[in-house]
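Worksheet for the structure shown next.
The values are calculated or read from the model by the stated rules, or taken from the named source; none is laboratory data. Worth saying up front: this structure is predicted, and the values here are computed from it rather than measured. Cβ coordinates were reconstructed from backbone atoms using ideal geometry, including for glycine residues, and neighbour counts include every protein chain displayed.
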Amino acid sequence: MNRDKEKVSDRYDIWTPFYDAVDNFPLVSSSQKRWKKNAVEHLDLSQGERVLDIGTGTGQILPWIAEYMEEGLIIGSDISQGMIDKSKKKIRRMKNVPDDLTLKVVKDDIESSKFPDDHFDKIIATFTFTTIPNVEKAVSECARILSSEGVMIVLDTGEPEDRHGYLLFYPMMISAKVFGRTHMDRDVEKKLSKRFRTRKIEKNMLGMVYTLKCTL
């Protein structure tokens, strides 16, 4: 693991005990949950599919994905062992998981993924591509492990479409870099478009938060 990835992993290992509390902070939690739940809906899930949640963190959206499926495979992946351990505990507490639905969390570096070619029908990444150190490698790997007819949904952040939004954007961007090594100014859509056909299907917060549908 190179130093940049170690820094990201170490940062999120440190944040693990507090991550859910911050994520559920009243001022931001309702909006973030709505955006993430909408992203899961945009997956348009079918029974028996293989689904990957990249950068699953504490596994917040895994139960939401499971609500749509009676059979199939759902995998949450992350580079942080602390996050993986916490998400595994969350899965163990889940009730009424169907017998034909496999739900698990694994450690995986999406810049050099261990998953085989054409393995997943659906991939989702929520606020992940602005944190990954080498986005080009991650995009290439996503294209490799997604089936030719598959869909990837990306929920992430970027510069505002309205210039007035920069009053909010710059403080958020600095905070995100300091606390999460997240680069809100990164043009994720441009990088994804080199390997995927991308379509923006949802915009929030003056365009600073957006959802992309990506196909091969």
Helices (runs of 4 or more DSSP H) fully within region 124-216 counting 1 or more residues that are of a type in the set (D, E, K, R) and either at positive phi or touching a residue at least 24 places away in the same chain (Cβ under 8 Å) (or both): 135-145, 188-192
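Residue-wise test of (1) farther than 17 Å from CYS142 by Cβ; (2) in contact with a Ser or Thr (Cβ under 9 Å, 6 or more places away or on another chain); (3) touching a residue at least 40 places away in the same chain (Cβ under 8 Å).
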| residue | (1), (2), (3) |
| --- | --- |
| SER46 | yes, no, yes |
| THR58 | yes, yes, yes |
| GLU67 | yes, no, no |
| GLY72 | yes, yes, no |
| ILE84 | yes, yes, no |
| LYS95 | yes, no, no |
| VAL105 | yes, yes, yes |
Top-ranked residue of region 178-198 - restricted to ones that are within 17 Å of the chain's Cα centre (by Cα) and basic (Lys, Arg), ranked as farthest from PHE129 (Cα to Cα): ARG181
Breaking point among (1) surrounded by 15 or more Cβ atoms within 10 Å (Cβ to Cβ); (2) at pLDDT 95 or above; (3) not basic (Lys, Arg), for ASP100: (1)
Condition check for PRO160: at pLDDT below 95, over 23 Å from LYS33 (Cβ atoms) and of a type outside the set (Lys, Arg): no
All positions within region 146-161 that are surrounded by fewer than 22 Cβ atoms within 10 Å (Cβ to Cβ), farther than 17 Å from SER31 by Cβ and over 15 Å from the mean Cα position of the chain (by Cα): SER147, SER148, GLU149, GLU159, GLU161
Members of region 33-50 that are surrounded by 18 or more Cβ atoms within 10 Å (Cβ to Cβ) and either in contact with an Asp or Glu (Cβ under 7 Å, 6 or more places away or on another chain) or assigned to a loop (DSSP other than H, G, I, E, B) (or both): LEU43, LEU45, GLU49, ARG50
Single residue of region 64-85 satisfying the filter (of a type outside the set (Asp, Glu) and modelled with pLDDT under 95) that is farthest from GLY150 (Cα to Cα): GLY82
